[in-house]
Amino acid sequence: MPNVTYFVESREESQIPQKGKAISRGEYLLRKIASDECLAELKQTRGRISMALRVDEVQNDPALGELLQEYACQGIESDIWVNMTDKNGYWLHAGNVLDARRNVVEMMNILEQKNIPFRNIGLDLEFPADIFVPKPSLSRWWSIKPWRFDQKKASLGMQDIIEDVLQTKQHHVHTYEIPILSDYALTRRLMGIPRILLPNHSEVKRVGMVYTSLKPPVLSKKFFIENYSVGKKRVPALGVMSADERIQPGRGDPFIGAMSEKGMQEDIRMATAVSLDELFIFALNGVELIRKVRRAIESTNSTC
């Protein structure tokens with residue numbers, strides 16, 4: 001069975017009143033992904049997580065620290081996927097690299113001070129979130145003008161971030177990369193997506209977000225997964241998947257629902273054909289998601 005890393009980004013869902021009372025994101029996630037059954041399922045399947053986290057959250061929401069401590073106590077490995085505030089673009093893009101570097105360094109310092117262990121730093125190389133959250137917007141893209149970002153400066157800034165992490169000697173870097181848009185200089189410039197200069201560094205793992213629920217309709221699932229993950233020297237990340245198909249985990253809700261269990265099985269079968277040892281899944285928001293993934297992998301193994 002491949003090692004599976006589950007992205008954890010659930011945010012808007014935490015604003016849903018729980019029995020009439022709004023709770024913090026950390027409290028929501030403690031209930032959803034730190035229950036006894038969820039922890040047991042993760043341990044049984046050797047699952048791990050990559051937690052989307054901002055500096056202000058880890059400072060102001062004690063439940064998030066409690067969640068990460070509980071995972072560590074249970075022997076479940078965690079990565080920290082560092083994000084910025086909404087005002088600063090949320091995802092790491094070519095226009096906020098300097099802010100991102102400060103955030104990464106500060107995040108590592110805070111986690112060390114709080115004795116919260118983590119394995120890798122995840123860098124999500126995208127575009128300003130405003131362009132697609134909550135809905136895709138041409139007018140917001142035009143107002144942001146991401147093609148004006150200094151791509152050379154952004155690439156050098158990315159190298160600095162990676163070297164900051166690797167200098168700790170304890171942590172490695174994962175880069176989460178958008179297929180197609182991040183693969184060509186023109187689309188990177190138009191969307192403000194940064195390019196990294198150390199893509200083949202032994203301590204930098206590249207992850208391709210080959211979410212077939214979001215793929216261009218002209219491409220087959222098989223070609224999309226194979227060509228834009230392993231074909232580009234990336235580990236495949238699959239999505240959008242959910243414990244409940246009616247819920248879309250993550251930022252905003254620009255797409256309707258999540259992938260069906262049948263669709264998950266198809267994607268996992270195609271991905272494990274080219275990546276036997278490792279997969280990433282977007283996103284963990286309940287124990288049923290882990291069970292669906294396990295069933296899909298077991299079904300794939302039984303047909304081999």
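A few comments on the model shown:
- Pairs from LYS222/LYS262; LYS153/LYS205; LYS87/LYS169; LYS32/LYS221; LYS145/LYS232; LYS43/LYS292 whose Cα-Cα separation, in the structure shown, is over 24 Å: LYS87/LYS169; LYS32/LYS221; LYS145/LYS232
- Our compactness index for the chain, the C-alpha radius of gyration over the empirical 2.2 N^0.38 Å, is 0.95.
- With the charge dipole of the chain set up from +1 on Lys and Arg Cβ and -1 on Asp and Glu Cβ about the Cα centre, the Cα lying farthest toward the positive end among the listed residues GLN265, SER229, SER299 is that of SER229.
- Protein heavy-atom accessible surface, 1.4 Å probe, per residue over the chain: 45 Å².
- Candidates VAL97, LEU125, TYR184 compared by Cα position along the dipole of the stretch 94-230: farthest toward the positive end lies TYR184, with charges placed on Cβ.
- This model, with +1 at the C-beta of Lys and Arg and -1 at the C-beta of Asp and Glu, gives the stretch 3-302 a dipole about its Cα centre of some 820 debye.
- Here the accessible area of the chain is 52 percent carbon and sulfur, with a 1.4 angstrom probe and all protein chains present.
- Once backbone amide H atoms are built at 1.01 Å from N, TRP81 has MET51, ALA52, LEU53, GLY122 as its partners under 5 Å, excluding neighbours fewer than 5 places away on the same chain.
- Cross-link reach is defined here as a Cα-Cα straight distance under 19 Å, omitting same-chain residues fewer than 8 places apart; for LYS114 the aspartates and glutamates meeting it are GLU27, ASP56, GLU57, ASP61, GLU66, GLU70, GLU77, ASP79, GLU106.
- Judged by the mean number of other Cβ atoms found within 10 Å, the most tightly packed of the peptides 183-195, 232-244 leads the ranking 232-244, 183-195.
The values are calculated or read from the model by the stated rules, or taken from the named source; none is laboratory data. Only a predicted model underlies this, so the values are computations on that prediction, with no experimental measurement involved. Neighbour counts run over all protein chains shown; Cβ positions are idealised from the backbone, glycine included. We work out accessible area using only protein heavy atoms, side chains counted, and drop any ligands, DNA or RNA first. Shrake-Rupley method; radii C 1.70, N 1.55, O 1.52, S 1.80 Å.
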